[in-house]
Amino acid sequence: MSGPPVAAIGCALAAALLFACASVAQQSAAATVPHGRSLIGSLVRSPRWWAGVAGDGGGYLLQVVALALGSVLVVQPLLVSMLLFALPLSARFSGHRTTRRAWLSAGALTVSLTVFLIVGDPTEGAVDAPWAQWALPLTVVVVVLAAVTVAGLSPRLDAGGRALLLGAAAGGLYGVAVAFTKYVTGLVEHGVGAVAGAWQTYALLAAGAAGVYLQQRAFQVGPLPASLPAITIAEPVVAIVLGTTVLGERLRTSGGGVVVVAAAGVVMVAATIALSREQAPRRDGAGNAGTVSPVTRNT
């Protein structure tokens, strides 16, 4: 294998490790914030949370380097390995053992998402679609994510269920942000005025900010294996939905490949739900969000 791909693989794995460490730090900080107290106000006073933010920043920088050295199909599947880094880190700092079933579910999720990205091999589309093309698909996505968020805030669900839904909503908003990112970054070369004058810039910022907030809420209410896998699969799913309906992207597969992609999608959803159910009893037994179970601290 040539040098650049090897360097891309190394940067992608290092980014995944930093993302996992950041998730552990942020979730352990968010889980100590009692319900009823300002979540963001408490987090900005937490050195541990800021350490997680720094880890995310380092991870994104390494991700950019990895994408500059290698293809998306090499980098993106490797980033999913953060789940396999996060589980043992979470267990280490929470004092609980990660179960064999949780490991199997995390492995199944990682493999299925990797298969989905590699076999589906989505094409790049246009990046400058007008608002008229965005209006209906974006509205539908936002309404669905709002409904998922409301459901995730319901006190009738257990901790794992709330974390799963809030994590899915956060990941979906990150997917919305991804759909706008390439267009907005392309405006940078035209100056600050071009960036500030584009509605896509504000859509990107709003989706990113809302995603960060919901991610912290997911970390607060439930265990890491419930929220992080949901975030991991919702982001590419929503990005692909918007990419295919608005930007003209397509999955480059047919025949048996379609069946493989569909099967991978089913496994992703099943593995995500299995992880949330595996950890929910532990979290509920711990009492409240301030007392965290092993896998809870991860994100």
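Only the coordinates and a few stated rules stand behind these numbers; no lab work does. Being a predicted model, the structure only gives us computed values, none of them experimental. Note that each Cβ is placed from the backbone with ideal geometry, even for glycine, and that neighbours are counted across all protein chains shown.
Per residue of segment 12-27, in order, report the coupling 6.51 cos²θ - 1.76 cosθ + 1.60 (Karplus, θ = phi - 60°) as ³J(HN,Hα) in whole Hz, putting x for Gly and Pro.
For segment 12-27, the Karplus-derived couplings read 5, 5, 5, 5, 4, 5, 5, 4, 5, 4, 5, 5, 4, 5, 5, 6 Hz, x marking Gly and Pro.
Across 5 Å bins from 0, what is the distribution of all Cα-Cα pair distances for the chain, in whole percents?
Over the chain, the share of Cα pairs per 5 Å bin runs 1, 6, 11, 16, 18, 18, 14, 9, 5, 2, 0 percent.
Each label point is 7 Å from the Cα along the Cα-to-Cβ direction; what then is the distance between the points at Ala54 and Thr185, in nm?
The modelled label-to-label distance comes out at 2.5 nm.
Using θ = phi - 60° and the Karplus relation 6.51 cos²θ - 1.76 cosθ + 1.60, list the HN-Hα couplings for segment 113-119 in order, rounded to whole Hz, with x at every Gly or Pro.
Values, residue by residue: 5, 4, 4, 4, 6, 6, 6 Hz.
List the trypsin sites (Lys or Arg not before Pro) in segment 4-82 that DSSP assigns to loop (not H, G, I, E or B) and whose Cβ has at most 15 other Cβ atoms within 10 Å. Which are they?
Details: sites: Arg37, Arg45, Arg48; in loops: Arg37, Arg45.
Of the trypsin sites (Lys or Arg not before Pro), the ones in loops of segment 4-82 whose Cβ has at most 15 other Cβ atoms within 10 Å are Arg37, Arg45.
Multiply the residue gap between Arg252 and Ala68 by 0.36 nm, knock off their C-alpha separation, and tell me the result in nm, one decimal place.
This chain segment gains 64.0 nm when fully extended.
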